[in-house]
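The values are calculated or read from the model by the stated rules, or taken from the named source; none is laboratory data. Nothing here was measured: the structure is a model prediction, and the numbers come from that model. Quick reminder, even Gly has a Cβ in these numbers, built from the backbone with ideal geometry, and neighbours come from all protein chains shown.
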Amino acid sequence: MKTTQSKQNEIKSYSKYLLTFLLSVLFTVNATAKINAELDTLSNSIGVDEFELEKALFANEDLNTEDLDITDIEVIELVEEVNLDVDTSIYLPKNFNALEGKNDLDWSTIELIEIEEEIDLGFDTSKYLPENFNALKGKNDLDWSTIELIEIEEEVDLGFNIEAYLPCGFNPYLDMSKNSTSVAVNN
């Protein structure tokens, strides 16, 4: 009795493993078929010309660009319509116009107010400054007309003779203001 029961148990466990194996194979075959079907529909959805162009662009093949004319290239603009499956008109008032009053704003009537924010550093800064300190003292006391600006001219060495690259008789100071000076360039 014991041997027949153990054989039946073995047959049951074997049949469970066999059933699991068959279901796994079925699932794998089904998934592979689905992937292949999707790939077939993708490759069939484009024309022969587009397929050849895709192949040339993405297969690292050398294109003969000598015969290529810019007018021969057709630009295809994909316009995809977004469908939200929601009727927005039921949530908006009647005769709603989102652009109504867009250009009716008169900026000259709007007063801009600058809000000065007080910065709290966490300590009293007056302890660290001299008595009667004024940070703006002397701000407008500077007379720029009394200051002489001197332009320092430095000779720049580019590491090669620039005269070889300039046209014959080139004068960079030609057509400057009346204070211009003529400079002779040696060729």
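Which residue out of Leu149, Leu158, Leu112 is over 39 Å from the mean Cα position of the chain (by Cα) and either at negative phi or of a type outside the set (A, V, I, L, M) (or both)?
Only one candidate passes the filter, namely Leu149.
Which condition does Ala37 not pass, out of (1) at pLDDT 65 or above; (2) of a type in the set (Gly, Ala, Ser); (3) closer than 30 Å to Leu78 by Cβ, if it passes all the others?
(1)
Regarding Asn60, is this residue surrounded by fewer than 10 Cβ atoms within 10 Å (Cβ to Cβ) and either within 30 Å of Val75 (Cβ to Cβ) or modelled with pLDDT under 75 (or both)?
Here the answer is yes, as Asn60 does meet what is asked.
Please go through segment 118-171 and pick out each residue that is assigned to a loop (DSSP other than H, G, I, E, B) and of a type in the set (Lys, Arg).
Lys137, Lys139
Filter segment 161-187 down to the residues that are among the aliphatic types (A, V, I, L, M) and at pLDDT 80 or above, then identify the one that is farthest from the chain's Cα centre (by Cα).
Taking the candidates together, the pick is Leu174.
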